[in-house]
Amino acid sequence: MTVQLGVATEGLVVQAAGADFTMKPIVLADMNDDEVLVEMKYSGICHTDILLQRGLLPPVDFPAIFGHEGAGTVLRVGAEAAKRDPALRPGASVLLSFNTCGRCRECTANRPSFCHVHVQANAGCVRLRDGSTPARLGYPAATPVRSQCFGQSSFLRTSVVAGRSVVVVPDALLAGRMLDNSSESVLAAYAPLGCGFQTGAGTVLNALRPTPADSIAIFGMGSVGLAALMAAAATGVRQIVAVDVVADKLVAARGFGATHTINSREVADVPAEVRRLSDGGVAYAIDCTGVIPVIESLLACLAPGGTAASVGVPPPGKTVQIDALSFLMENKRFIGVVEGLSVPQTFIPQLIELHRDGRFPIDKLVQVYSVRDFELALADLRSGKVVKPVIKWD
């Protein structure tokens with residue numbers, strides 16, 4: 001059943017591929033039984049949002065509202081969404097993650113990151129069931145604007161969210177907790193758990209599952225790479241090699257548990273250096289950059305029997321070359337990992353507990369900006385001044 005809403009709000013709209021994010025008045029026209037109305041408090045900004053803005057991740061069309069690391073408060077719950085998760089109720093604090101169809105073979109086997117229509121469900125920015133969107137530009141309601149990015153479009157002050165994207169955060173995990181030296185709720189640090197932080201940590205904890213006897217190399221010390229590094233450190237992996245082109249990021253990596261660092265601008269043959277440091281190669285290597293030459297170098301970093309994981313988003317249509325004979329004879333594996341192979345409703349609470357125990361210090365990666373300073377937050381992300389900018393809907 002569809003309920004008419006007529007809720008007036010505002011959001012950061014991208015009118016065409018490559019256009020700026022511009023605050024516009026929005027009307028939310030309707031809401032379905034499997035959806036939730038959420039008032040956003042915070043939203044992380046991810047490099048994927050920039051790729052979507054530039055029109056580089058099909059099948060998105062424009063105008064559109066992006067954002068896919070939301071955190072907020074439930075205002076209204078559809079009957080079907082409430083039946084699926086009884087904890088969903090008005091007033092509940094929630095984190096927002098990726099969307100799924102809930103019907104394909106992988107979804108019904110509780111492997112949502114393998115959803116057969118993952119791209120359409122998330123980058124399409126419209127409802128899966130009928131291709132509609134609840135948001136309209138202007139008041140009274142006029143032009144439809146795509147507002148279901150990852151089922152949530154968290155660059156909206158108030159958003160109609162797909163129920164399958166919602167993760168309820170128990171009040172006990174939030175009560176009175178603030179970011180260090182800040183008046184911001186710890187919810188600000190948890191917003192990026194919906195995508196970036198869970199992608200990095202999940203790649204280690206869910207996909208690769210290293211033991212303390214293993215070694216791992218991680219390429220790219222952005223939010224995903226540092227989350228992967230923290231997860232590896234929490235697991236007690238004996239050797240963690242961090243690779244990046246920015247010296248300050250490598251210093252940070254040391255602070256979060258890297259045992260070795262490599263500045264790839266200063267080292268001519270990075271795979272050879274990784275093999276030297278690890279006595280013949282690492283058991284696992286992760287690319288968090290999406291840069292094709294980096295992806296191609298992963299296998300050369302591995303010891304025989306090792307596994308390389310591609311996590312960063314590469315440009316569409318690009319191919320990766322592999323030395324097939326070496327790949328075969330050394331029993332190596334190369335896998336892609338989406339969203340850390342996680343089930344957000346169970347994995348995100350596990351990451352929150354790791355953070356509470358001091359073993360996953362993601363709050364040290366976050367810088368909070370007023371939504372009015374969105375362009376500054378974007379500039380700081382692009383320049384590398386901050387690891388994870390989070391906007392506050394104030």
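The values are calculated or read from the model by the stated rules, or taken from the named source; none is laboratory data. Just so we're clear, the structure is a prediction, and the values are computed from it rather than from any experiment. Neighbour counts run over all protein chains shown; Cβ positions are idealised from the backbone, glycine included. For the accessible areas, the whole protein counts, side chains as well, though only heavy atoms, and no ligand, DNA or RNA atoms are used. Shrake-Rupley method; radii C 1.70, N 1.55, O 1.52, S 1.80 Å.
So which pairs qualify, if the first residue must be in segment 370-394 and open to solvent by less than 20 Å² (accessible area, probe 1.4 Å), the second must be in a helix (DSSP H, G or I) and among the polar types (S, T, N, Q), the Cβ gap must be under 6 Å, and the two must be at least 6 apart or on different chains? Going by the 6 Å Cβ cut-off, the qualifying pairs are 388/223. Screening segment 169-181 for residues that are open to solvent by 10 Å² or more (accessible area, probe 1.4 Å), of a type in the set (A, V, I, L, M, F, W, C) and touching a helix residue (DSSP H, G or I) at 6+ places or on another chain (Cβ under 8 Å) and picking the one that is modelled with the lowest pLDDT gives 179. Would a scan of segment 348-362 turn up a residue that is touching a strand residue (DSSP E or B) at 6+ places or on another chain (Cβ under 8 Å) and open to solvent by 20 Å² or more (accessible area, probe 1.4 Å)? Looking for residues that are touching a strand residue (DSSP E or B) at 6+ places or on another chain (Cβ under 8 Å) and open to solvent by 20 Å² or more (accessible area, probe 1.4 Å), one finds at least one in segment 348-362, hence yes. When you check residue 52 against the structure, is it outside any strand (DSSP E or B) and within 20 Å of the chain's Cα centre (by Cα), yes or no? Criteria met by residue 52. Residue 223 meets the conditions (1) of a type in the set (Gly, Ala, Ser); (2) within 21 Å of residue 307 (Cα to Cα); (3) open to solvent by 10 Å² or more (accessible area, probe 1.4 Å) in every case but one. The failed one is (2). Screening residue 207 on (1) among the hydrophobic types (A, V, I, L, M, F, W, C); (2) within 16 Å of residue 363 (Cα to Cα); (3) touching a residue at least 60 places away in the same chain (Cβ under 8 Å); (4) in contact with a strand residue (DSSP E or B) (Cβ under 8 Å, 6 or more places away or on another chain) shows it passes everything except condition (2).
Residue by residue through segment 35-53, note down the ones that are surrounded by fewer than 20 Cβ atoms within 10 Å (Cβ to Cβ) and either modelled with pLDDT of 95 or more or among the aliphatic types (A, V, I, L, M) (or both). Residues satisfying the conditions are 39, 50, 51. Taking segment 237-323 as the region of interest, the strands (runs of 3 or more DSSP E) fully inside it that hold 1 or more residues being open to solvent by 30 Å² or more (accessible area, probe 1.4 Å) are 260-263, 282-287, 302-310.
Counting only strands (runs of 3 or more DSSP E) that sit completely within segment 98-168, those holding 2 or more residues that are at pLDDT 95 or above and open to solvent by less than 20 Å² (accessible area, probe 1.4 Å) correspond to 158-162, 166-168.
Among the residues of segment 54-72 satisfying the criterion of being farther than 25 Å from residue 387 by Cβ and surrounded by 22 or more Cβ atoms within 10 Å (Cβ to Cβ), which is modelled with the highest pLDDT?
The extreme case among them is 64.
When residue 215 is tested against (1) under 21 Å from the mean Cα position of the chain (by Cα); (2) crowded, with 24+ Cβ neighbours inside 10 Å; (3) of a type outside the set (A, V, I, L, M, F, W, C), exactly one condition is not met: (1). Looking only at residues of segment 182-220 that are farther than 22 Å from residue 253 by Cβ and part of a loop (DSSP other than H, G, I, E, B), we find that the one that is modelled with the highest pLDDT is 186.
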